[in-house]
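Notes for the one structure printed next.
The values are calculated or read from the model by the stated rules, or taken from the named source; none is laboratory data. Quick caveat, the model's predicted, so the values are computed rather than measured. We place every Cβ from the backbone using ideal geometry, glycine too, and count neighbours over all the protein chains shown. Surface accessibility is based on the protein's heavy atoms, side chains included, excluding ligands, DNA and RNA. Shrake-Rupley method; radii C 1.70, N 1.55, O 1.52, S 1.80 Å.
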Amino acid sequence: MTQSVGIKDVARAAGVSVGTVSNVINRPDTVATETRARVQSAIDRLGYVRSESARQLRAGRSRIMGLLVLDMGNPFFVDVARGAERTARDAGLGVMVCNSAQSASEEAEYLSLFAEQRVRGVLLTPADATGRNIEAFRRHNIPFVLVDRVAEGTTECSVSVDDVAGGALAVRHLVDAGHRSIAYVSGPPGLNQVRDRRTGALNALQEAGLGPEHLRELPTERLDVAAGRDAGARLLGLGGDRPTAVFCANDLLALGVLQAMYAAGVGVPDDLAIVGYDDIEFAAAAAVPLTSVRQPAVTMGTLAAEMLLEETEAETGAKRHQHRRVVLQPELVVRRSSLSAR
């Protein structure tokens with residue numbers, strides 16, 4: 001594992017003293033323009049990030065774990081955070097929780113903050129579909145674990161749920177109930193979870209001898225209740241061509257669709273069956289209790305934090321660490337929103 005870039009590395013690359021680099025960072029007006037430009041060029045080239053927690057690091061390692069999720073307004077991620085926080089607390093660490101709001105640019109800013117604070121490690125649910133933010137973060141030599149996302153290589157750990165299996169559970173349930181025209185309210189297409197759940201839905205249709213034309217996708221820009229209401233309005237606009245059932249990529253979308261149907265006087269489940277994903281606490285408490293694919297969110301947070309702690313302990317030579325991918329299995333929880341007789 002490569003060493004983090006330090007102020008001495010910048011000084012050596014720029015051909016100046018450590019004091020000059022410090023002045024460029026803290027008192028740039030005291031340094032000649034040409035020298036300042038040379039130092040800044042070295043900083044940018046090496047990816048140096050000033051450590052705001054240097055005093056703590058001199059005394060020992062950071063006692064902070066970073067957690068960056070897609071949407072803290074989603075109770076699913078609150079449960080992930082609860083599992084991670086409990087594990088971190090037992091290890092004597094605190095958790096810095098940040099919300100990317102499904103934005104790649106905000107994700108990049110928070111990852112930079114984590115590097116600046118020299119956190120012990122990071123639990124990350126990626127918002128950037130290109131992977132560029134993760135690649136940029138690697139050079140800071142801070143361990144991280146992917147949460148709700150499968151690691152594609154062997155350079156980091158991950159904890160996720162089999163979303164292909166989850167999508168299949170949802171749509172198989174609807175097909176078994178007699179539905180042959182199903183909508184998929186899918187969320188942002190760049191998210192792996194959204195794509196995997198769609199793949200599972202199509203697999204279930206294929207198992208039943210039904211083609212992909214039996215699944216009508218309604219993408220949304222966000223994964224929240226407002227986006228679900230908008231998708232519900234689009235469904236209502238289909239009139240007689242409206243599907244008889246809806247599978248939503250998460251429960252917040254499903255609750256939004258349910259609100260739109262209720263406001264329009266469309267009966268759930270008699271006129272439209274609805275299945276969500278995550279099985280958040282609000283799913284069972286909805287006006288029409290929501291059928292949902294359950295993800296073990298607290299367990300995901302716990303396992304991710306445990307793997308991160310294992311990796312950071314391995315850095316001290318206390319233990320050996322091998323990167324691994326943990327894929328948990330989802331569970332269908334059937335409630336009234338999908339129990340129409342067809």
* Probe 1.4 Å - accessible area at Leu309, Å² to nearest ten -> 30
* Structure fact -> Amide H proximity to Ala273 below 5 Å, modelled H, separation 5+ or other chain, gives Ala245, Val246
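Using R₀ = 35 Å, calculate the FRET efficiency as 1/(1 + (r/R₀)^6) where r is the Cβ-Cβ separation of Thr155 and Asp270; round to 0.05. Show your work: numbers first, answer last.
Working: r = 51 Å, r/R0 = 1.45.
It comes to 0.10.
Leaving out ligands and nucleic acids, note down the accessible area per residue over region 129-186 with a 1.4 angstrom probe, in whole Å². Let's see the in-between values first.
On the way: 2040 Å² over 58 residues.
In whole numbers, region 129-186 has 35 Å² accessible per residue.
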* Asked: Mean separation of Cα pairs under 8 Å and 6+ residues apart, divided by the residue count of region 1-49: what relative contact order is that in percent?
  -> 43
* Which residue fluctuates the most in the chain, going by a Gaussian network model with Cα springs under 10 Å, if the choices are Ala284, Ala14, Ala249? -> Ala14
* With springs connecting C-alpha atoms under 10 Å apart, model the chain as a Gaussian network and identify which of Arg63, Arg89, Arg118 has the largest mean-square fluctuation. => Arg89
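If contacts are Cα pairs under 8 angstrom and at least 6 residues apart, what is the relative contact order of the chain in percent? Write down the numbers at each step before the final one.
Numbers: 660 pairs, mean separation 59.5, N = 342.
After rounding, I find 17 percent.
Keeping every protein chain in place, order His214, His140 by accessible area at 1.4 Å, biggest value first, i.e. largest first. Walk me through the intermediate numbers first.
Numbers: His214 50, His140 25 Å².
Highest to lowest solvent-accessible surface, that is His214, His140.
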* Enumerate the whole-percent occupancy of each 10 Å bin, from 0 to the last occupied one, for all C-alpha pair distances of region 88-172. => 15, 45, 29, 10, 1
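Does region 163-294 come out rounded, prolate or oblate by the C-alpha gyration tensor, with a ≥ b ≥ c the root eigenvalues, rounded set by a/c under 1.5 and, if not, prolate when a/b is larger than b/c and oblate if not?
Numbers: a/c = 1.36, a/b = 1.18, b/c = 1.16.
Rounded shape, in that the Cα axes give a/c under 1.5.
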* Amide H neighbours of Glu331 under 5 Å, counting only residues 5+ apart in sequence or on other chains, H built in-plane at 1.01 Å? -> Arg294
* To do: Could you give the size of the charge dipole of the chain about its Cα centre, using +1 on the Cβ of each K and R and -1 on the Cβ of each D and E, expressed in debye and rounded to the nearest 20?
  => 960
* Which ³J(HN,Hα) values in Hz, rounded to whole numbers, follow from the phi angles of region 84-99 under the Karplus curve 6.51 cos²θ - 1.76 cosθ + 1.60, where θ = phi - 60° and Gly and Pro get x? -> 5, 5, 5, 5, 5, 4, 4, 8, x, 10, x, 10, 9, 9, 10, 10
* **Three-way shape label, region 70-113, alpha-carbon gyration tensor, a/c 1.5** => oblate
* Whole-Hz ³J(HN,Hα) from phi, Karplus 6.51 cos²θ - 1.76 cosθ + 1.60, for region 114-121, glycine and proline x -> 4, 5, 5, 7, 6, 4, 4, x
* Most to least accessible of Arg216, Arg86 (protein chains only, probe 1.4 Å) -> Arg86, Arg216
* **Estimated FRET transfer efficiency (Asn26, Glu106; beta-carbon r; R0 22 Å; 0.05)** => 0.25
* Sequence-distant or interchain residues sharing an amide H contact under 5 Å with Gly121, placed H: which? -> Gly66
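For region 247-342, give the percent of accessible area contributed by carbon and sulfur heavy atoms, probe 1.4 Å, rounded to a whole number.
Numbers: 2080 of 4260 Å².
On region 247-342, the fraction of accessible area on carbon and sulfur atoms equals 49 percent.
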* Can you give the alpha-carbon Rg of the chain over 2.2 N^0.38 Å, where N counts its residues? -> 1.18
* Asked: Ignoring ligands, DNA and RNA, what accessible area per residue does region 207-342 give at 1.4 Å, in Å²?
  -> 47
* To do: For region 7-50, would you read off the P(r) tail past 12 Å as a percentage of all alpha carbon pairs?
  => 50
